[in-house]
Amino acid sequence: MEIEYVKAKTLKEKPAWDQNLGFGKYFTDYMFTMDWTVEKGWHNAKIEPYAPICMDPAAMVLHYAQETFEGLKAYKTKDGRILLFRPEMNARRFANSNRRLCMEVLPEDMFVEAIEKLVAYESDWIPTAEGTSLYIRPFMFANEAAVGVHPSNAYKFVIILSPVGAYYPEGVNPVKIFVEDEYVRATKGGTGFTKCGGNYAASIAAQVKAEKLGYTQVLWLDGVERKYVEEVGTMNVMFKIDGKIVTAPCDGTVLPGVTRDSIIHLLKSWGYEVEERHLAIDDLMEAGKTGHLEEAFGTGTAAVISPVGELNYKGEIVTINNFKTGELTQKLYDTLTGIQWGNVEDNFGWTRVVKK
Ligand SMILES: *Cc1c(COP(=O)(O)O)cnc(C)c1O
């Protein structure tokens, strides 16, 4: 891929890495941009100063929401190497999302190369304090100026970068989850398996409702019967019941998380039985009340692992593991973050070194 480098006139002042970086608050000096049109295909690849994107008010994304995105992180190891974690999985998922939304599919090798080039160019922006990383947000949107529903004949692919703080500055902490029995996120035949902005737009009402009630996120049930457990707001979710791990299958309505897949591999390598199956919310609550539900946790790039300490379903409350982080949950967190930051040996070949 031929990339044009456009220099910034001035560079931003970087925040202190050990301060509260938060999530998605700071953005780096440069972004990657590339255009696609029917006539030219992919062209105009640039690493240019981070700046507002100029677009026509009739740009189709603003009307019909043809937009997809990804999320992954770059990590700096103690010996100064830069690691990505399974970026080829994000590349494949991005292609699947785009296919479903009838958007142009970005070749997977170009997706990974664009990330590597931008991260290498901005490597000074990868924070080094304990638990920090550089969040990578690739996205694509319909850029044709036309009001009328059809697949756009122009797209823009962009990557922005954001240094992010430790998710758990005071150690891993359980969260309270509200089981949503009114709104739904996805149904078979819909876009549940894609990372598209529209899925999130539709989910915000439930998130607002949960927050008002004092809960961090919602647990989604299936869109037809509102009977089976699917996933948490921005995470897949797993339950340890009688020593076995149960999680929803990726059969169209659940987002196939990279963290989910990695956790399943780790668990199996440790000899755990993992069941990818439909789990009824009634059975889950019953397991919680009778002491069979031993641990519960969400999995996703931002938090990696997020222990669930409480579930509220129709006003009935179940507390899990006395609202403490479970032993297995903690071990999974330590192992996976250890691999990602280069402190634990990567026996799976998951990490990818970025050449500077
Ligand atoms: C991104 C996302 C996840 C987690 O995926 P990871 O690849 O592990 O970050 C889970 N559920 C939803 C709805 C998501 O958007």
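A compact table of results
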read-out	value
Ellipticity estimate at 222 nm from DSSP helix runs (n ≥ 4, -39,500 (n - 2.57)) divided over the chain, nearest 500	-7000 deg cm²/dmol
For the range 272-356, diffusion coefficient by Stokes-Einstein and Kirkwood Rh (Cα), 37 °C, 0.692 mPa s, µm²/s	219 µm²/s
Only Lys, Arg (+1) and Asp, Glu (-1) charged, at Cβ; the range 123-231 dipole about Cα centre in debye	240 debye
Positive dipole terminus of the chain, leading residue within Leu267, Gly80, Pro174 (C-beta point charges)	Gly80
Over 25 Å between alpha carbons, listed pairs Lys73/Lys314; Lys331/Lys355; Lys14/Lys195; Lys25/Lys73	Lys73/Lys314; Lys331/Lys355; Lys14/Lys195
Sequence-separation-based contact order of the chain, relative, with Cα cut under 8 Å and 6+ spacing, percent	18 percent
Charge tally in the Cβ shell below 13 Å around Phe178, where Lys, Arg are +1 and Asp, Glu are -1, Phe178 excluded	-2
Proximal aspartates and glutamates to Lys117, defined as alpha-carbon separation beneath 20 angstrom and excluding residues fewer than eight positions away on the same chain	Glu2, Glu4, Asp29, Asp35, Glu48, Glu70, Glu88, Glu108, Asp109
Listed peptides 155-163, 238-246 by packing density, highest first (mean Cβ within 10 Å)	155-163, 238-246
Dipole magnitude (debye, nearest 20) for the range 173-339, charges at Cβ of Lys, Arg, Asp, Glu	360 debye
For the range 145-239: rounded, prolate or oblate by the Cα gyration tensor [a/c cutoff 1.5]	oblate
Extension gain, Met1 back to Arg81 (0.36 nm per residue minus Cα-Cα distance, nm)	26.4 nm
Spatial extent of the range 173-339: Rg and Dmax, with the Cα atoms as the point set, Å	14.6, 41
Histogram of C-alpha separations across the range 2-164, 10 Å bin width, %	10, 37, 35, 15, 3, 0
Segment Glu273-Ile317, extension gain: residue separation times 0.36 nm, minus the distance between their alpha carbons	13.1 nm
Peptides 110-123, 132-145 ordered by average Cβ neighbours within 10 Å, highest first	132-145, 110-123
By average C-beta atoms within 10 angstrom, highest first, the peptides 223-234, 180-191, 8-19	223-234, 180-191, 8-19
Value of relative contact order over the range 262-356, rounded to a whole percent, pairs C-alpha under 8 Å and six or more apart	19 percent
Kirkwood Rh, angstrom, the range 215-304 [1 / mean 1/r, Cα pairs]	13.3 Å
Listed residues Ala16, Tyr30, Ala91: farthest to the positive end of the dipole of the range 2-164 (Cβ charges)	Ala16
Principal axis dimensions, largest first and in whole angstrom, of the chain by Cα	61, 52, 36
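Coordinate-derived values only; no laboratory data. Treat the numbers as computed from the prediction; the structure is a model and nothing was measured. Backbone-built Cβ (ideal geometry, glycine too); neighbour counts: all protein chains shown.
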